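The values are calculated or read from the model by the stated rules, or taken from the named source; none is laboratory data. These numbers come from a predicted model, not from an experiment. Cβ: placed from backbone, ideal geometry, glycine included. Neighbour counts: every protein chain shown. The accessibility values were calculated without ligands, DNA or RNA, using every heavy atom of the protein model including side chains. Shrake-Rupley method; radii C 1.70, N 1.55, O 1.52, S 1.80 Å.
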Amino acid sequence: MRGVFVDANESLAVIFERLQEPGDPEVRIHRDPDITSDQYPQILDGAEIAIVDHTALPTDVAKKCTGLKHIVFLGTGARSYMNPEELAELGITVHLIKGYGDTAVAECAIALMWEGARGLAKMDRGIRAGNWLRDDGMQLTGKTLGLIGFGGIAAEVARIALGSGMRVVAWNRSPKKYPKVEFVDLDELLTESDVVSIHLLLNDETRGMISRACIEAMKPGVILVNTARGAIVDEEAMIDALKSGQIRHAGLDVFNIEPLPSDHPLTELPNVTLSAHSAFRTPEASENLMRAAWEHCRRVVKG
């Protein structure tokens, strides 16, 4: 059984090679992160396992990938790049990797929150342009952070925020407990939180879940942080709320369209901090990710 890492950037390729052990299955590394979907059949060349970082695999292309039986997706958000149910009907199983970058993503969410509170990026841009911009920041100690969704990343965000003196409330679809975190219904979270941070997987239930009505229910002047998936939030409603001041600041690592076009409306707003879907990118997280990818490959081969 053969595998191909179809869209490896150089840093991941180096780690993946280093973690290979004697007796591991044959996995070829295609060192080109900028492939297009229609290249899958040629790159895989009949291999049974595809390791995929970020390249979309439409179902009609998957049908042309002779021999493909397993996709090891490097993360949890495979639905943004492929349809696992349709692939399953073709006999292709999609394997996800959870928890590898919980701390990395949580630290990015915290950084976006603090940036939204203090406007450091805006001041930096202003000073570089010859302006001396000073606005009142938001002091976060004693403020309420609301976490929508409570998995491993949100738990890490809660740990850090609690340590900085914030009150933390959370909503989750299934019951959860975590020390010093108050679990409340979504309406209460929206109306009480000074900062709202999103930590949900994207699926049919969560797509567009943070609707215009949800945004209007938030406390005026709220900071909104999204390190989950862009499509969870009604983008048009969020932009309107940023313009009106209902949202003080948005810290966004994810977008409906990635890479974000240079002429996108979000790039024109001064009260938005944009991050290039990079919250998970630390050496520690990459090491965890590649180790987990190898474990999936080993389990697949062993049946």
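Descriptive notes on the structure:
- Accessible area of the chain divided out per residue, in Å², using a probe of 1.4 angstrom: 48 Å²
- Accessible-area value, His296, 1.4 Å probe, nucleic acids and ligands omitted, Å²: 30 Å²
- With all protein chains modelled, accessible area of Phe150 [1.4 Å, Å²]: 10 Å²
- Reciprocal mean inverse distance between Cα atoms of the stretch 54-193 - Kirkwood radius, Å: 18.3 Å
- Rounded to 10°, Cα long-axis angle of helix 102-118 versus longest principal axis of the chain: 30 degrees
- Listed peptides 284-291, 121-128 by packing density, highest first (mean Cβ within 10 Å): 284-291, 121-128
- Unit charges on C-beta of K, R, D, E only; dipole of the stretch 101-274, Debye: 540 debye
- Choice from Glu205, Glu17, Glu48 with maximal GNM fluctuation in the chain (Cα, 10 Å cutoff): Glu205
- Counting only residues at least eight positions apart within a chain, or on another chain, the lysines with an alpha carbon under 28 Å from that of Lys69 are Lys98, Lys302.
- For Arg207, Arg248, Arg79, the ranking by accessible surface with the largest value first comes to Arg207, Arg79, Arg248, using a 1.4 Å probe.
- Pairs of Lys in the stretch 101-274 closer than 21 Å at Cα, counting only those 8 or more apart or on different chains: 5
- Nearest-ten-degree value, helix 235-244 long axis tilted from longest Cα axis of the chain: 20 degrees
- Protein-only accessible surface order, largest first, of Asp136, Asp38, Asp240 at 1.4 Å: Asp136, Asp38, Asp240
- Rounded to the nearest 10 degrees, the angle from helix 283-302 to the longest Cα principal axis of the chain is 40 degrees.
- In this structure Arg299 has an accessible area near 130 Å², from a 1.4 Å probe over the protein heavy atoms.
- Residue among Thr282, Thr36, Thr206 with the largest mean-square fluctuation in a Gaussian network model of the chain, springs linking Cα atoms under 10 Å: Thr36
- Taken over the chain, the alpha-carbon convex hull comes to 150 cubic angstrom per residue.
- If you run the Gaussian network model on the chain, springs between alpha carbon atoms under 10 Å, then out of Ala88, Ala56, Ala293 the most flexible one is Ala88.
- When +1 charges are put on Lys and Arg Cβ atoms and -1 charges on Asp and Glu Cβ atoms, the dipole computed for the chain relative to its Cα centre reaches about 720 debye.
- Only protein atoms count toward the accessible area here, which uses a 1.4 Å probe; on the chain, the carbon and sulfur part of that area reaches 50 percent.
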